[in-house]
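Following: one structure in structure tokens, then a few remarks.
The values are calculated or read from the model by the stated rules, or taken from the named source; none is laboratory data. For clarity, every value in this text was computed on a predicted model and none was experimentally measured. Using ideal geometry, Cβ is built from the backbone for each residue, glycine included, and neighbour counts are taken over all protein chains shown.
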Amino acid sequence: MLVEKKYRVRIFDRLYFGETPVAHLASDPNVQLIKGDIRRLEDFPHLLDDVDAIVHLAGLANDPSCDLDPEMSFDVNITATRRLAITAKQRGIERFIFSSSCSVYGRGEVDLITEDSDKKPVSVYAVTKLIAERELCELADEKFTPVMLRNATLFGPSPRMRFDLAVNQIVARALKRRKILVFEGGRQWRPFVHVEDAARACIVCLEAPAEKVRGEIFNVTNEENNFQIVELARLAQKHFPEAVMETVPGDEDKRSYRVSSAKIEKTLGFKATYSVEDGIRQVRQLLDDGAITDPEADVYYNIRLISKIRQMPAIAGGESSSARFLPFVSPSIGEEEESEVLDTLRSGWITTGPKVERFERRFAEYIGAENAVAVSSCTAALHLSLVAAGVGPGDEVITSPLTWASTANVVIHQGATPVFVDVDRDTLNIDPELIERAITPKTKAIMPVHIAGLPCAMDVMRTIAEKHGLCVIEDAAHALGAEYRRKKIGTISEFTCFSFYPIKNITTIEGGMITLADAEVADKLRTLSNFGMSKDAWKRYSQDEGSFRTAEVIYPGYKYNMTDVQASLGLHQIEKLPAFLSAREKYAKIYDRAFAELDEVTVPSVPAYVKHARHLYIIILDVDKLKLSRDEFIDAMKAENIGTGVHFVSLHLHQYYRERYGYRPQDFPNADYLSRRVVSLPLYPKMTEKNVHDVIVAVKKIIAYARK
Ligand SMILES: Cc1ncc(COP(=O)(O)O)c(C=O)c1O
């Protein structure tokens, strides 16, 4: 209609229902079609360029469709509307016509409802429309004219035809099935408006003087088009005498309202001209002509299409399971950390000092370790532990190839050789059965990695270490909070190294900690972390700690110290750790239950005698049963708006390790197998249960779609 009136029209549509409804406009020079989602306006910075007015029809329409996914409905119908209107106002676009609905009246209890009558919404749809209307009214001023049109139930033929609307549906059913169904006695009132009248009402409001419509709400119907459903059925029967009228008990739709059209008629001289009978005739004609052969097809039913789209993965044109991008990980940092950091910054002492000392004490206390030495990262912690353990050129250190580069890199820094031992497919941890075979006279240490926070078989590790006189340096980067046979990780071996990198169970931005029993070795580690100086700077410069002159280099040490700014975070993060761990555990359990149903997904098994630190939630995809590779699965998750990670691609497959040690993929078959199958899903305390649910929906949708 706008095009007929020679307006230049830019259509912005998600095109859920395909391009057919707008295909007839494609060649018109005054029409521009942009496919997009109203929730992602930021992706279309030029959408509102040169626009004089907006007719905002984008939304999730009809009551049952919105009940399917209330959050999505709020997002589309309220948040997106608000953002569009605010942007329009900022851009100086004066006229904004909003398509609302008489559904807002819900269980209307008065005889003839006017725009000011009480609203008794009975569906998410109605609530979203009501809230959006209110927000738009508040934006109305001299320069911005929002107009709210409460459409009655539409009927009649339209380019995007619908048969989930009462009049159209009655016609289709009467014609195709020879039945007219009346639900719940049919006493409920419903107003109707022909789709062309509704479109005309929009144009009338676009063209009306601003002062007549600014911030106004209009019912769009004609009083004669108010019917009780049973009356509508009787009217239809006149046209289809061969159809049988059937009463169906119960109706999920609790709406009933009889609506006045006086305001729009008086204020704007607008009168809806089509009667319901006109519509019945037109729709019948459409079906008789054979223009539509199957009026029961999904494409004519909003709810069916919306449910289908929700079940389809985004890579196949479905709706993303998360409306906004859910990052793979995000740290939980609160006001306590912020003010502690500020306090440190203002204190005048910002690098290693009293807060690091306090953090070390608190950490040791939490773990139940004799000593804790704070350093700049877990990589530094692992390196210093090797130095303190006396690992040097020519030595060998046994570790897992399925780990982060740090674990093996630091062995090489010491001039020693990392000796990989394959992992167990069920736990992803080093296979304890294979360790002894890898021991040679050069072996100095074992570095088990508690992957994802699942403790390795530490009893086997201890037995082997003691039998062969080896030192154990645990890479517990993932395992803060884990326990092995009731012992906290951090109390078992000669050295245990933790990470406080932002994604870890607690964070100090960057940071690490070594726990150990031996106080002398702990002192040595502190010295090593601080250039090998016999006194650290804090002690050198403070008044009561003696003079600069007594400080000496006693080892060729490193610059691996933690700062007081970092420790400021750590001091509060460690207090929050129990709550963090229980949130992680809770979400992991929800995932476990959900994925137990999927044959194509397995999760590492957790023995009853360990406490998992739940740092990562790793799933193992059975790619042989899927039409997708692991990497394609990750892309599909990204299309669902969900970030994921890979822990890990085995080190023996990386260029340096391949070239230096001549490894082939099959040297560590399990690590190789897992490298192509593991995916880490978001798991962190800041997530909501809804986020967890979105991840599950995404995984299930993709698996169902990609199942062979
Ligand atoms: C298993 C493992 N070890 C060591 C590290 C190194 O930790 P950092 O980044 O604190 O040096 C990481 C880091 O992610 C890791 O995953």
TODO: Check off (1) under 17 Å from S385 (Cα atoms); (2) at pLDDT below 95 for V521 and give me the number that stays unchecked.
DONE: (2)
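Quick check on my filter: what residues within region 555-583 are aromatic (F, W, Y) and in a loop (DSSP other than H, G, I, E, B)?
Going residue by residue through region 555-583, those that are aromatic (F, W, Y) are 555, 558, 560, 580.
If the condition is that a residue be aromatic (F, W, Y) and in a loop (DSSP other than H, G, I, E, B), then Y555, Y558, Y560 are the ones that fit.
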Task: Subset of region 302-348 that is modelled with pLDDT under 95, under 24 Å from G645 (Cβ atoms) and polar (S, T, N, Q) - its residue that is surrounded by the fewest Cβ atoms within 10 Å (Cβ to Cβ) - done: S322
- [ ] Could you tell me whether any residue of region 261-269 is crowded, with 17+ Cβ neighbours inside 10 Å, hydroxyl-bearing (S, T, Y) and farther than 30 Å from R107 by Cα?
- [x] no
- [ ] Check region 321-339 and report whether any residue there is touching a residue at least 12 places away in the same chain (Cβ under 8 Å), polar (S, T, N, Q), in a loop (DSSP other than H, G, I, E, B) and farther than 19 Å from N505 by Cβ.
- [x] yes
- [ ] Filter region 422-450 down to residues that are within 19 Å of F495 (Cβ to Cβ) and of a type in the set (D, E), then give me how many there are.
- [x] 0
Open item on the list: Any residue in region 29-54 that is more than 24 Å from S73 (Cα to Cα) and in a loop (DSSP other than H, G, I, E, B) sitting within a Cβ distance under 9 Å of a residue that is of a type in the set (F, W, Y) and modelled with pLDDT under 95? List the pairs, counting only those 6 or more apart or interchain.
Closed with: none
Open item on the list: Please count how many residues of region 461-479 are under 18 Å from D518 (Cβ atoms), outside any loop (DSSP other than H, G, I, E, B) and more than 16 Å from the ligand (Cβ to nearest atom).
Closed with: 4
- [ ] Test A126 against the criterion of being touching a residue at least 60 places away in the same chain (Cβ under 8 Å), small (G, A, S), more than 12 Å from F96 (Cβ to Cβ) and crowded, with 18+ Cβ neighbours inside 10 Å, and give yes or no.
- [x] yes
Task: All positions within region 359-415 that are in a helix (DSSP H, G or I), over 21 Å from F531 (Cβ atoms), in contact (Cβ under 8 Å) with a residue 60 or more places away in the chain and more than 16 Å from the ligand (Cβ to nearest atom) - done: R362, A364, Y366, I367
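A quick yes/no check of all residues on (1) of a type in the set (A, V, I, L, M); (2) in the same structural domain as I303 (by TED's automatic domain parsing); (3) touching a residue at least 40 places away in the same chain (Cβ under 8 Å); (4) in contact with a Ser or Thr (Cβ under 7 Å, 6 or more places away or on another chain):
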| residue | (1), (2), (3), (4) |
| --- | --- |
| C137 | no, yes, yes, no |
| P146 | no, yes, yes, no |
| T153 | no, yes, yes, no |
| R162 | no, yes, yes, no |
| A166 | yes, yes, yes, yes |
| A174 | yes, yes, yes, no |
| K179 | no, yes, yes, no |
| P191 | no, yes, yes, yes |
Open item on the list: Name the residue that is surrounded by the fewest Cβ atoms within 10 Å (Cβ to Cβ), counting only residues in region 446-460 that are within 39 Å of the chain's Cα centre (by Cα) and in a helix (DSSP H, G or I).
Closed with: M458
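Test of understanding: among S100, S117, S73, S158, which residue is in the same structural domain as V22 (by TED's automatic domain parsing) and in a strand (DSSP E or B)?
Details: S117 fails: in a strand (DSSP E or B); S73 fails: in a strand (DSSP E or B); S158 fails: in a strand (DSSP E or B).
Result of the check over S100, S117, S73, S158: S100.
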TODO: Answer yes if at least one residue in region 595-608 is among the small types (G, A, S) and crowded, with 19+ Cβ neighbours inside 10 Å, and no otherwise.
DONE: no
Task: region 11-56: number of residues that are farther than 22 Å from G318 by Cβ, surrounded by fewer than 16 Cβ atoms within 10 Å (Cβ to Cβ) and in contact with an Asp or Glu (Cβ under 9 Å, 6 or more places away or on another chain) - done: 2
Open item on the list: Could you tell me how many of the residues in region 234-286 are of a type in the set (G, A, S), within 30 Å of V127 (Cβ to Cβ) and assigned to a loop (DSSP other than H, G, I, E, B)?
Closed with: 4
- [ ] Return the total of residues in region 480-510 being within 11 Å of the ligand (Cβ to nearest atom) and either outside the structural domain of A452 (by TED's automatic domain parsing) or out of contact with any strand residue (DSSP E or B) (no Cβ under 7 Å at 6 or more places or on another chain) (or both).
- [x] 8
Task: Residues of region 497-524 classified as under 13 Å from A364 (Cβ atoms) and in contact with a Leu (Cβ under 7 Å, 6 or more places away or on another chain), total - done: 3
- [ ] For region 142-153, state whether one or more residues are crowded, with 23+ Cβ neighbours inside 10 Å, at pLDDT below 95 and not in a helix (DSSP H, G or I).
- [x] no
